[in-house]
Amino acid sequence: MSIVNVKNVFKSYWRDSMEIPVLRNISIEVPEGEFLGLMGPSGSGKTTLLNLIAGIDQPTKGSIVVAGTDVAKLNESQLAKWRAQNVGFVFQFYNLLPVLTAFENVELPLLLSKLSKKERKEHVEFALKVVGLEDRIKHYPKQLSGGQEQRVAIARAIVTDPTLLIADEPTGDLDKTSAEEILKLLVQLNTDFKKTIVMVTHDPRAAERAHTIKHLDKGELT
Amino acid sequence: MKIPLKYIVRNLRTRKLTTALTVTGISLVVFVFAAVLMMAHGIQKTLVQTGSDENVIVLRKAATAEITSIIMQDQANVVQTIPSISKLPNGKPFISNEIVAIINLPYSQKENGLGNVTVRGVAPEGFQLRSNLNVTAGRMFTWGSREIVVGSSIKKRFKGTNIGDKVKFGGDEWSIVGSFDAGGNGFDSEIWGDQIQLAQAFGYTGAYSSLLIRLNNQNSFAQFQEEFNKDLRLQTLEVKREKKFYEEQSEDMALFIRILGIAVTVIFSLGAMIGAMITMYAAVSNRTVEIGTLRALGFRRMNVLTAFLIESLSISLFGGMIGLFLASFLQFFDISMINFGSFAELAFKFSLSPSIILNSFIFSVMMGFVGGFLPSVRASRLKIVNALRSS
């Protein structure tokens with residue numbers, strides 16, 4: 001059963017009156033439990049495709065059905081709610097809020113849920129334990145290494161138990177050792193926790209961990 | 001409000017300098033705003049306290065102050081016969097026929113500066129009619145002599161007004177034999193003497209400025225007014241409750257100060273609002289990625305808008321609190337200005353009231369709202385993809 005179904009998707013941007021096509025007639029199916037790697041040169045449209053699947057951007061044409069919902073048909077408010085319930089994000093530069101501790105950063109997505117404070121605490125502690133940072137809950141991002149920051153970001157991505165994990169160059173800002181740890185963690189989430197992962201990467205070592213690799217070039221799947 | 005308050009507060013702490021500068025700007029504006037309102041309230045309070053609910057005052061019609069009023073002796077005699085006037089134990093009506101004149105005295109703190117001072121000539125009943133007025137130093141003037149007593153504010157503001165000094169006015173020298181305290185009301189800014197002596201000196205023979213009267217009881221004012229208005233000989237005069245008379249005198253001054261002060265404050269506030277706006281635009285600009293991240297995680301535009309507005313309102317509210325706190329110390333200062341009604345100097349204190357506190361907070365919040373609204377809207381309207389890309 002496919003959890004992501006991208007069908008005949010086109011995406012263009014407009015600069016003044018000029019249309020700049022970024023994605024051309026893209027169709028992809030991602031089965032549940034898949035670990036998909038998207039590769040391609042800079043400007044090939046892989047991050048744009050990732051953003052469309054994650055519901056933070058809308059296609060110009062085509063349909064994107066994720067976990068049974070056609071995200072292209074949702075309005076902004078519905079999309080925000082949908083993202084909070086279905087998508088976990090892992091960014092290249094971690095995107096942690098610097099004024100919040102690791103615990104508070106991981107707790108953020110749960111503030112949008114109906115969980116009680118006690119339940120949120122349990123969820124956060126569990127997520128931080130999964131990424132091996134249960135002893136760093138009171139640390140601020142600047143007190144953590146890059147690898148630890150990315151692990152906090154992964155904890156934040158999984159704390160709501162989302163349907164889909166979206167990772168945009170998750171090892172792009174890390175040294176070799178830290179990158180290896182993050183990739184191991186992603187594989188563990190995929191195998192042990194059955195998380196479906198869509199990952200954009202330039203890194204061949206990261207791509208090796210994916211079950212399936214799709215290549216994009218000039219907005220088309222090759 | 002989904003975005004945690006600690007995120008807002010800690011961000012304010014992170015950019016200490018810009019937050020402090022914006023808070024300072026807003027606090028200065030609120031200080032000026034509160035000071036103006038406290039000044040107007042101080043004048044009103046001082047003048048309103050001057051009048052008593054138990055007394056009524058008779059003046060010439062259309063006279064806005066005692067200095068512009070004149071009541072002839074025969075009219076005063078007619079007023080004395082009105083039955084609803086309270087009687088003294090000796091059977092005399094409880095009235096003080098008074099004259100009011102303005103003299104110039106040199107300021108104690110200004111070189112070559114002269115200020116207008118009210119001189120009031122009172123009958124012995126005048127002291128009984130103002131029960132809160134007490135001679136606190138020296139002694140009471142002797143009736144039938146060229147002696148005077150000065151209000152507590154006069155001593156502080158004018159040269160040569162200590163006990164034992166002599167003051168020249170009305171073609172004669174007047175000895176200061178005592179000073180009195182009226183509890184901070186308008187009489188503290190006056191000089192008092194024997195009405196007969198002062199009337200001679202100022203050429204008021206056969207006439208008075210005002211009549212101050214105690215009625216049988218407070219509720220007999222309507223009856224007194226009816227009896228007063230019925231007499232054709234009193235048609236050029238009018239009667240008011242003493243408190244209302246002073247309230248009316250205070251209104252024009254307070255209104256003038258409020259309009260002038262608020263106009264100036266509003267101009268100042270533009271600067272503070274621009275300051276707040278710059279601070280908030282910088283906050284949005286520095287946190288574009290954070291905004292994109294929050295939106296990607298599922299926070300809505302309204303959550304972001306609210307968070308940034310609360311941040312701006314917190315700055316302004318904090319500034320307002322500081323401004324108000326500093327302004328509250330003005331209550332310890334005495335100032336004086338010309339009373340537009342009497343043309344004489346009136347000393348008063350800045351006075352803080354619950355409504356001034358409320359208005360100052362509303363004003364500071366309004367500055368925060370106006371200054372923070374556009375940046376907050378900008379933050380909430382950022383496209384997630386563009387915001388994330390700025391990392």
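For residue B:351, the conditions (1) in a loop (DSSP other than H, G, I, E, B); (2) surrounded by fewer than 22 Cβ atoms within 10 Å (Cβ to Cβ); (3) more than 30 Å from the chain's Cα centre (by Cα) are fulfilled apart from (3). Residues in region B:1-33 that are among the polar types (S, T, N, Q) and buried (at least 16 other Cβ atoms within 10 Å of the Cβ): B:11, B:18, B:19, B:22, B:27. With respect to residue A:23, is the statement that it is touching a Pro at 6+ places or on another chain (Cβ under 9 Å), crowded, with 19+ Cβ neighbours inside 10 Å and closer than 20 Å to residue A:214 by Cβ true? Yes. Does region B:284-298 include one or more residues that are surrounded by 23 or more Cβ atoms within 10 Å (Cβ to Cβ), assigned by TED's automatic domain parsing to the domain that holds residue B:25 and over 23 Å from residue A:80 (Cα atoms)? No, region B:284-298 has no match at all. Of the helices (runs of 4 or more DSSP H) lying entirely inside region A:61-180, those carrying at least 2 residues that are within 11 Å of chain B (Cβ to nearest Cβ) are A:76-86, A:102-107, A:146-158. Considering region B:2-112, the qualifying helices (runs of 4 or more DSSP H), each wholly inside and each with 3 or more residues that are within 14 Å of chain A (Cβ to nearest Cβ), run over B:5-14. None of B:99, B:85 is open to solvent by less than 10 Å² (accessible area, probe 1.4 Å), over 30 Å from residue B:281 (Cβ atoms), assigned by TED's automatic domain parsing to the domain that holds residue B:196 and touching a Pro at 6+ places or on another chain (Cβ under 8 Å) except B:85.
Applying the condition of being open to solvent by 30 Å² or more (accessible area, probe 1.4 Å) and more than 22 Å from residue B:128 (Cα to Cα) to region B:52-66 and asking which residue is modelled with the lowest pLDDT yields B:64.
Checking each residue in region A:32-64 for being more than 16 Å from the chain's Cα centre (by Cα) and either of a type in the set (Phe, Trp, Tyr) or farther than 19 Å from residue A:168 by Cα (or both) picks out A:60, A:61, A:62, A:63. In this structure, is residue B:135 part of a strand (DSSP E or B) and surrounded by 17 or more Cβ atoms within 10 Å (Cβ to Cβ)? Spelling it out, it is not the case that residue B:135 is part of a strand (DSSP E or B) and surrounded by 17 or more Cβ atoms within 10 Å (Cβ to Cβ).
Scanning region B:67-82 for residues that are surrounded by 14 or more Cβ atoms within 10 Å (Cβ to Cβ) and in contact (Cβ under 8 Å) with a residue 60 or more places away in the chain returns B:67, B:69, B:70, B:71, B:72, B:75, B:76, B:78, B:79, B:82.
Residue B:302 passes every criterion in (1) open to solvent by 30 Å² or more (accessible area, probe 1.4 Å); (2) of a type outside the set (Gly, Ala, Ser); (3) not in a helix (DSSP H, G or I) apart from (3). When you scan region B:323-332, do you find a residue that is surrounded by fewer than 19 Cβ atoms within 10 Å (Cβ to Cβ) and within 30 Å of residue A:110 (Cβ to Cβ), even just one? There is no residue in region B:323-332 that is surrounded by fewer than 19 Cβ atoms within 10 Å (Cβ to Cβ) and within 30 Å of residue A:110 (Cβ to Cβ). Anything in region A:169-205 that is open to solvent by less than 40 Å² (accessible area, probe 1.4 Å) and acidic (Asp, Glu)? List them, or say none. Selection gives A:169, A:203. Tell me whether region B:195-207 contains one or more residues that are in the same structural domain as residue B:152 (by TED's automatic domain parsing) and under 24 Å from residue B:336 (Cβ atoms). Yes, there is a match, as at least one residue in region B:195-207 is in the same structural domain as residue B:152 (by TED's automatic domain parsing) and under 24 Å from residue B:336 (Cβ atoms).
Output the number of residues of region B:220-270 satisfying the condition of being closer than 25 Å to residue B:68 by Cα, open to solvent by 80 Å² or more (accessible area, probe 1.4 Å) and within 31 Å of the chain's Cα centre (by Cα). Counting residues in region B:220-270 that are closer than 25 Å to residue B:68 by Cα, open to solvent by 80 Å² or more (accessible area, probe 1.4 Å) and within 31 Å of the chain's Cα centre (by Cα) gives 5. Any residue in region A:75-96 that is in contact with a His (Cβ under 6 Å, 6 or more places away or on another chain) and at pLDDT 95 or above? No, because not a single residue in region A:75-96 is in contact with a His (Cβ under 6 Å, 6 or more places away or on another chain) and at pLDDT 95 or above. Hey, any hits in region B:9-17 for a residue that's outside the structural domain of residue B:253 (by TED's automatic domain parsing) and over 21 Å from residue B:228 (Cα atoms)? Within region B:9-17 (the criterion being outside the structural domain of residue B:253 (by TED's automatic domain parsing) and over 21 Å from residue B:228 (Cα atoms)), the answer is no, since none of the residues qualifies. Taking the condition at pLDDT 95 or above and open to solvent by less than 40 Å² (accessible area, probe 1.4 Å), does residue B:279 pass? It is false that residue B:279 is at pLDDT 95 or above and open to solvent by less than 40 Å² (accessible area, probe 1.4 Å).
The values are calculated or read from the model by the stated rules, or taken from the named source; none is laboratory data. Source: prediction; values computed, not measured. Cβ sites come from the backbone with ideal geometry, for glycine too, and all protein chains shown count toward neighbours. All accessible areas refer to the heavy atoms of the entire protein, side chains included, with ligands and DNA or RNA removed. Shrake-Rupley method; radii C 1.70, N 1.55, O 1.52, S 1.80 Å.
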